[in-house]
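Report on the following structure.
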Number of protein chains: 4
Amino acid sequence: MREHKPDKGWKHRVHEIIYEADTPMGKWFDILLFFLIIISVLLVMLESVRWIDAKYHRTLFVLEWIVTVLFTIEYIARIACIKKPQSYIFSFYGIIDFVSTIPLYLSYIFAGSQVLLAIRAFRLLRVFRILKLVRFLGEASQLKRALVASRAKITVFLFAVLILSVILGTLMYLVEGDEAGFTSIPTSIYWTIVTLTTVGYGDIAPITPQGQLIATIIMLVGYGVIAVPTGIVTVELGKQGKGDKAAGGNHFVHVNTQACTVCAKEGHRDDATHCYNCGSKL
Amino acid sequence: MREHKPDKGWKHRVHEIIYEADTPMGKWFDILLFFLIIISVLLVMLESVRWIDAKYHRTLFVLEWIVTVLFTIEYIARIACIKKPQSYIFSFYGIIDFVSTIPLYLSYIFAGSQVLLAIRAFRLLRVFRILKLVRFLGEASQLKRALVASRAKITVFLFAVLILSVILGTLMYLVEGDEAGFTSIPTSIYWTIVTLTTVGYGDIAPITPQGQLIATIIMLVGYGVIAVPTGIVTVELGKQGKGDKAAGGNHFVHVNTQACTVCAKEGHRDDATHCYNCGSKL
Amino acid sequence: MREHKPDKGWKHRVHEIIYEADTPMGKWFDILLFFLIIISVLLVMLESVRWIDAKYHRTLFVLEWIVTVLFTIEYIARIACIKKPQSYIFSFYGIIDFVSTIPLYLSYIFAGSQVLLAIRAFRLLRVFRILKLVRFLGEASQLKRALVASRAKITVFLFAVLILSVILGTLMYLVEGDEAGFTSIPTSIYWTIVTLTTVGYGDIAPITPQGQLIATIIMLVGYGVIAVPTGIVTVELGKQGKGDKAAGGNHFVHVNTQACTVCAKEGHRDDATHCYNCGSKL
Amino acid sequence: MREHKPDKGWKHRVHEIIYEADTPMGKWFDILLFFLIIISVLLVMLESVRWIDAKYHRTLFVLEWIVTVLFTIEYIARIACIKKPQSYIFSFYGIIDFVSTIPLYLSYIFAGSQVLLAIRAFRLLRVFRILKLVRFLGEASQLKRALVASRAKITVFLFAVLILSVILGTLMYLVEGDEAGFTSIPTSIYWTIVTLTTVGYGDIAPITPQGQLIATIIMLVGYGVIAVPTGIVTVELGKQGKGDKAAGGNHFVHVNTQACTVCAKEGHRDDATHCYNCGSKL
């Protein structure tokens, strides 16, 4: 869909490679970047494993630097080749890219024995690089839309769950003593949420009969209540699914119910400019 | 939708501020109240944390009193400015407001070293203040409707789960001995519900092969059964969702299938008096 | 719908009371029976609690006998007043009633110090009395229908889960050693199901990195897989829900898609003989 | 649908027995094979239970050999009677069959004290025989289709969950110390997934207030997020359910929305060649 003229500025070409994926080089760049991010995240993980860090500290450190330098080049390139740099710099990924590149440098500015731990924290921020991967998931958009659509309801729901947790947590704190682990209301609330969400660690568990009775009620409530977010999301997805069916695609596309003025066909893609049925302008 | 005449009694103005949210002052009052409730709940929580209470007892106590006094004023104001006080006093929130204001005073009436704990219980009732927050969630209404609609079914379901739990619990009590923690049938039933609801604390767990076999069956049953409440709520939400789609709103509105007598358009809001399409009286 | 003639045999009257609930006495009988069952189940539970049994053994024993006698009378009455006794005796509830009445008597026939425990087992069977309660739940029918409709699918699903569990369980047995609790393949399979169903007791948990990696995969699989039974039941309920909507009832009724021969109205109750719309014979 | 001519080669007859199930002998063969697989899997399991293996080693070993020989015969027969052997050999079940037959023989080729464990591993592969059982589940096809249809979405979803887990896991590693069990980022990620999927072993659990706070957030996120795969699968099943309803079958059939050119009836089976309504060629 994009024609390639021989006389394009290097900026345009670089932009094409970095920001787009519909040219061979663009594809390769994205794939390379993908693996670079994976590696950088694995590095952070491995460093955190005591014995690995002890054994291969040097190697990890070197790889660490290579990755960081490559990310720096990418970051500069992104700024260089774009027309409005600020539009990238202050975009979600612009910030992510910056935050995930800087830590290693910072660890030299804020050198010193005391702040080492804080620096480790900085460096761990690089894990956020993984967020870049989302870029490669176009499919995600529809899921996101469904979640956004049910945002309001899920908020209300979580809020209701929180209120419930506060009340039930307080109740359990009064019923169960310290020996069961219900040392304070916040802890009891923590336990209540652990139970309501059916996680159930068991680090804290009721021991008195009345406590176990209340716990049972909480569980059954949680059992009935776990249905709600599922219901919400399912309905949202269902709607989009119906739209999809109208569009007849194998994988979901979001469509609107706007009808073609010529053929009155419904279920056009949100980004449609012509009717997919008769081709008349919408 | 409400016209503001200059000559309104103070009662009316106060009523407007306290009970309504469509005037600037009304909005501010609600927001203020919101944070007051949050603070009052946090106070109760913090008091329950041993070391915090030990350190900041005085501060918490003072804040406690400030909150209580403010709530008292609000409570009196609510009664003063309403035409039929009893309609508020004996309403759900009227009782909540009273119960969440009184404890601190009660702690002086029923003074004495022995009843201190009981008093703590009283004071903790103030946690119910948080229920007031629900007031601020109009969105909740639709979720509530869906849950109410599926009330009957969920009751039946929970009842079936209870029966199942009693039978399976008894079975486990016979199969597993005391050393596994199945000391009595009630305890075994507690464990069964913990398992069926997939909470799984692990404070009690089968150790004999046959016990583990039954546990496995219980889990798979629970796995198949967890679907039911979800299904029920999803269907209910789905119905309302369809109604919503008809009304075309972005966030759910409950609509009926009554058709306009003029334009026969369907999906009017339950509270609609005119057709949203042609405006003709319904 | 049933006319009351003065000259009916006592059998008919008793039958009316025991088997039906549309006469005042029939209602009272059912309610009485309901509480009798609850009491009998509570008795079995309480007996199993050591300290309660030790303290109130005599009382429990007497109540035990009263309940058993009453159930015996009921059982005999049910047989006496019905035209075809065998149709009751060999019905589901007929067997339940018998099995839940006999144990106490059996405990005298098979007296002896060694068989005491076996007798306890017998007596515990009385818990199955609770199944009678299902009788009082007309609402349950629709849930049952949905579950029956999705029976085939859920069977297939559970079977697939079992296969998966066997393979993954074996894998974990090879990866994790005894010290982690994976002492044999059956135990590992038990653990896998505990994990797949998101119960997660924690009595057995992987400790090696590779074991935790596989566990993570199992969890994510279970996470994706837990959706299936829910989906199945939801779809089934949804269908019936649609039918319900057609019938326009507030609580679910099962309707068929048969159309009236006169007014072609759809969504008649399964038990309908006339069109609910035009009243013409179906 | 298949006519039986008297003069068919033995290959054809054997093929009929082994590969098909619509002749009496074919049915019997399948049922026999079914039980053989179950037995072979049980054998592997029992061998892994220490005390059983110690007691019945000889018996298990003999049965082991019988099963293996029978499977070998089956495998050869399958190759012998088919026209294009390679089409079977390199098919999914062809490989499964081979892999699940060979281990016992291999255990003699690679004899030696050191490789014993590896051999056990080989032998355990025989568990994969159970996969053959899937053959007997026609019903599974529709579930499979629904899962395949939602494959893309579930992948995206699981990927998002992984990213989330990495970030939250890292956060927990920074917040919680070693004493809580968060010894490294990978371990923390393991814990995060255990929590997000609501499995909650409790082998690792936060102990610091801030850690418990983050854990609470993770749980509520997981609570809202568990809805997504369910929603996806439900929608997929729902679509197929609708199709099914159109086809009016009691158990699901996948139908397309293609309309008959003669009677315009919709909802034909994917494999339909004639309209199920008017019989005209599609």
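Data overview
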quantity: Shielding score for D:150-162, defined as the mean number of other chain Cβ atoms within 10 Å; calculated: 6
quantity: Mean-position separation - Cα centroids, region A:32-73 and region D:187-242, in angstrom; calculated: 29 Å
quantity: Residue-averaged beta-carbon neighbours from other chains (10 angstrom radius) around C:42-49; calculated: 5
quantity: Nearest residue to the symmetry axis between B and A, taken on chain B by its Cβ, in whole Å; calculated: B:Gly202, 3
quantity: Carbon/sulfur fraction of accessible area - region B:173-215, other protein chains in place, 1.4 Å, %; calculated: 62 percent
quantity: Estimated inter-spin distance, A:Thr72 and A:Ser87, nm [label 7 Å along Cα→Cβ]; calculated: 2.9 nm
quantity: Point-charge dipole on Cβ atoms (K/R +1, D/E -1) for region A:146-248, about Cα centre, debye to 20; calculated: 720 debye
quantity: Formal net charge of residues neighbouring B:Val199 (Cβ-Cβ distance under 15 Å; K, R +1; D, E -1); calculated: -3
quantity: Burial ranking of peptide ranges D:207-216, C:162-171 (average Cβ count within 10 Å, highest at the top); calculated: C:162-171, D:207-216
quantity: Distances in nm from C:Phe61 to the matching label points in the other copies, shortest first (labels 7 Å along Cα to Cβ); calculated: 5.8, 5.8, 8.1
quantity: Listed pairs C:Lys27/C:Lys239; B:Lys239/C:Lys153; B:Lys144/D:Lys239; C:Lys144/D:Lys144; C:Lys153/D:Lys84; A:Lys153/B:Lys27 exceeding 31 Å between Cα atoms; calculated: C:Lys27/C:Lys239; C:Lys153/D:Lys84
quantity: Test item: B:214-220 mean partner chain Cβ contacts at 10 Å; calculated: 6
quantity: J(HN,Hα) series, region D:198-211, from Karplus relation 6.51 cos²θ - 1.76 cosθ + 1.60, nearest Hz, glycine and proline x; calculated: 6, 6, x, 5, x, 5, 10, 8, x, 10, 7, x, 5, x
quantity: Shortest-first nm distances, B:Lys27 label point to equivalent points in other copies (7 Å, Cα→Cβ); calculated: 5.4, 5.4, 7.5
quantity: Distances in nm from B:Leu158 to the matching label points in the other copies, shortest first (labels 7 Å along Cα to Cβ); calculated: 2.5, 2.5, 3.5
quantity: Whether region B:146-248 is rounded, prolate or oblate, judged on the alpha carbon gyration tensor where a/c under 1.5 counts as rounded; calculated: prolate
quantity: Protection-proxy order for peptides B:191-199, A:180-188, each taking the mean of Cβ atoms within 10 Å per residue, highest first; calculated: B:191-199, A:180-188
quantity: R0 of 41 Å, Cβ-Cβ distance B:Leu32-D:Glu179: FRET efficiency to nearest 0.05; calculated: 0.45
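The values are calculated or read from the model by the stated rules, or taken from the named source; none is laboratory data. Model, not experiment: these values are computed from the prediction. Don't worry about glycine lacking a Cβ; one is built from the backbone with ideal geometry, like all the others, and counts go over all protein chains shown. Only protein heavy atoms, including side chains, enter the accessible area calculation; ligands, DNA and RNA are left aside. Shrake-Rupley method; radii C 1.70, N 1.55, O 1.52, S 1.80 Å.
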